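This report concerns only the one structure given below.
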Amino acid sequence: MTKPHAPSDPSRRDFLRIGGAGVIAGVAQARTGAAAAEQAGAGATGGAPPIETVRVGYVGVGLQGSSHVRNLLRIPGCRVTAVCDVREERTDWATKAITETGQPAPTAYTRGVRDFERMCETEELDLVYNATPWEWHVPVMLAAMKHGKHTATEVPAAMTLDDCWAMVEAAEKYKKHCVMMENCNYDRMEMMAFNLVRQGLFGEVLHAEGGYLHDLRGIKFENRNEGLWRRAWSMKLDGNPYPTHGLGPIANCLDINRGDRFDYLTSMSSPSRGLQDWAAEHFPADAPQRRETFVLGDVNTSLIKTARGRTIMVQHCTNLPRPYSRIHVVQGTKGLFQGYPHRVYIEGRGKNDQWVQANEMLAEFEHPLWKEIAAQAAGAGHGGMDFIEDYRLIKCLREGTPTDMDVYDAAALSAIVELSCQSVARRGRPVECPDFTRGKWRNRPPLPIVHM
Ligand SMILES: NC(=O)c1ccc[n+]([C@@H]2O[C@H](COP(=O)([O-])OP(=O)(O)OC[C@H]3O[C@@H](n4cnc5c(N)ncnc54)[C@H](O)[C@@H]3O)[C@@H](O)[C@H]2O)c1
């Protein structure tokens, strides 16, 4: 397995705002300026020329990649013409799935961990989409854009600030879309909450909370799929390695990069116990897993302050026994949404001081996209939201419109990985969030209510 990137050595960076000592300009801030902003390419920030039939090269056809390939094969105007995986049995699986739909067999790329470069160089593709382990997302996307292809990736898009900037700079330079596919933005309840925000029912939104709280102990120790690479990050990194499921939907509600932006963050981690305990309970005393040392705090909690003064709490917890939750709180001057279980409280509606079950509000407030597409999405991965995100991506490419998420969102949300590590390493001191839009966040239009 390839050695994962650890976050950049924090000592190399100067993003800290220490106590009340004020902002120290850092590498990221040095890149600000109107000149740089003007260089931004159309594909990075807006629409690109429409593509009648989107030819996709898919890299990493494991658990999540195969689910996306199945979705793409059902979307009109989309063909999967190349597939790449280090495991030939996975490209064989994809070839079978593709030919069974009547599409021609894709070209398979299986010559090792960098064969995606040959695919990007050789194939005529419109989109290179990857669901590889985290350390490969950015190398795949950079190769795609360098060779003139739009690109999309599973989450998080990047694990380091340097890689966040590399994505932004490549998207601007080559004028290509670089999209992080955050499926939770398309979940039914998250979309209804967004619709409620857009309709003003919560008043002015002041605070939000999100997270990824999912007992992955068994998966991390499996001898296949994520077990082959995800556990390794728990040995390298103490912070929030997977912030985007919780942050994506609430960032949309707070107009992050579109009227507001993440300003600074403070983060703390609990001790790391869960994986050690799990290994002790499930492996014999002489097993190598018993000698592994983990640094990822079992519960990581970050607080983010936005430029407009709003507050966000984002949490990560994947090493402890617990039921699944993404938290999902969106709170404004007139009410709030609170997830897991999903409830709504709006002043003046319903009984004073009592929640309304969110399900009861679907008839009136369901997001239009869900109403339009729910039947098609039924049965697809993660309750249908994975199909909806794939559908929207292909539709935007075909129509030449901006994608729902763009490279600035990919960078701002993924940056929380390294920023949280930096803050944890410094006893929770605040760290500056880079402005990847270089000031454009002030005037970028808010994400609209999108349709099928
Ligand atoms: N959005 C979601 O809900 C969700 C759910 C699961 C996984 N994911 C994301 O999807 C990605 C993959 O996760 P997974 O569960 O499918 O893992 P997986 O291990 O099942 O799949 C990864 C695949 O990539 C292949 N691969 C590894 N290195 C490669 C390389 N250099 N070139 C080509 N192929 C390579 C592996 O052989 C494997 O088939 C991760 O980024 C993960 O975070 C997202």
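The values are calculated or read from the model by the stated rules, or taken from the named source; none is laboratory data. Everything numeric in this text was worked out from a predicted model, so none of it was measured. Please note: Cβ atoms are built from the backbone with ideal geometry, for glycine as well, and neighbour counts cover all protein chains shown. When the accessible area is computed, the model is the full protein with side chains, heavy atoms only, and any ligands, DNA or RNA have been set aside. Shrake-Rupley method; radii C 1.70, N 1.55, O 1.52, S 1.80 Å.
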- Task: Please go through the range 234-249 and pick out each residue that is over 15 Å from residue 316 (Cα atoms) and among the hydrophobic types (A, V, I, L, M, F, W, C).
- Result: 235
- Could you check the range 313-418 for strands (runs of 3 or more DSSP E) lying wholly inside it with 1 or more residues that are within 24 Å of the chain's Cα centre (by Cα) and closer than 22 Å to residue 444 by Cβ? 329-332
- Please indicate, with yes or no, whether at least one residue in the range 311-324 is over 24 Å from residue 250 (Cα atoms), open to solvent by 10 Å² or more (accessible area, probe 1.4 Å) and aromatic (Phe, Trp, Tyr). no
- Query: Conditions: (1) over 18 Å from the mean Cα position of the chain (by Cα); (2) within 11 Å of the ligand (Cβ to nearest atom); (3) open to solvent by less than 10 Å² (accessible area, probe 1.4 Å); (4) not small (Gly, Ala, Ser). Residue 117 meets all but one. Number of the miss?
  - Reply: (3)
- Just one of (1) surrounded by fewer than 21 Cβ atoms within 10 Å (Cβ to Cβ); (2) within 15 Å of the ligand (Cβ to nearest atom); (3) within 21 Å of residue 183 (Cα to Cα) trips up residue 132, so point out which. (1)
- Task: Would you check if residue 192 is touching a residue at least 12 places away in the same chain (Cβ under 8 Å), touching a Leu at 6+ places or on another chain (Cβ under 9 Å), within 15 Å of the ligand (Cβ to nearest atom) and not acidic (Asp, Glu)?
- Result: no
- Query: Based on what the data block shows, is residue 279 over 25 Å from residue 385 (Cβ atoms), modelled with pLDDT of 95 or more, surrounded by fewer than 16 Cβ atoms within 10 Å (Cβ to Cβ) and hydrophobic (A, V, I, L, M, F, W, C)?
  - Reply: no
- Residue check, residue 161 open to solvent by 10 Å² or more (accessible area, probe 1.4 Å) and either of a type in the set (Phe, Trp, Tyr) or more than 7 Å from the ligand (Cβ to nearest atom) (or both): no
- Which number in (1) in contact with a Lys or Arg (Cβ under 9 Å, 6 or more places away or on another chain); (2) not in a loop (DSSP other than H, G, I, E, B) marks the one condition that residue 103 misses? (2)
- Query: In the range 54-95, which residues are open to solvent by 10 Å² or more (accessible area, probe 1.4 Å), among the hydrophobic types (A, V, I, L, M, F, W, C), near the ligand (Cβ under 9 Å from one of its atoms) and part of a loop (DSSP other than H, G, I, E, B)?
  - Reply: 86
- Quick one: in the range 392-422, which of the residues that are within 14 Å of residue 51 (Cβ to Cβ), charged (D, E, K, R) and out of contact with any strand residue (DSSP E or B) (no Cβ under 7 Å at 6 or more places or on another chain) is most open to solvent (accessible area, probe 1.4 Å)? 399
- Query: Out of all the residues in the range 196-210, which are under 28 Å from residue 375 (Cα atoms) and open to solvent by less than 10 Å² (accessible area, probe 1.4 Å)?
  - Reply: 196, 210
- Does at least one position in the range 213-226 carry a residue that is open to solvent by 20 Å² or more (accessible area, probe 1.4 Å), within 16 Å of the ligand (Cβ to nearest atom), part of a helix (DSSP H, G or I) and on the phi > 0 side of the Ramachandran plot? yes
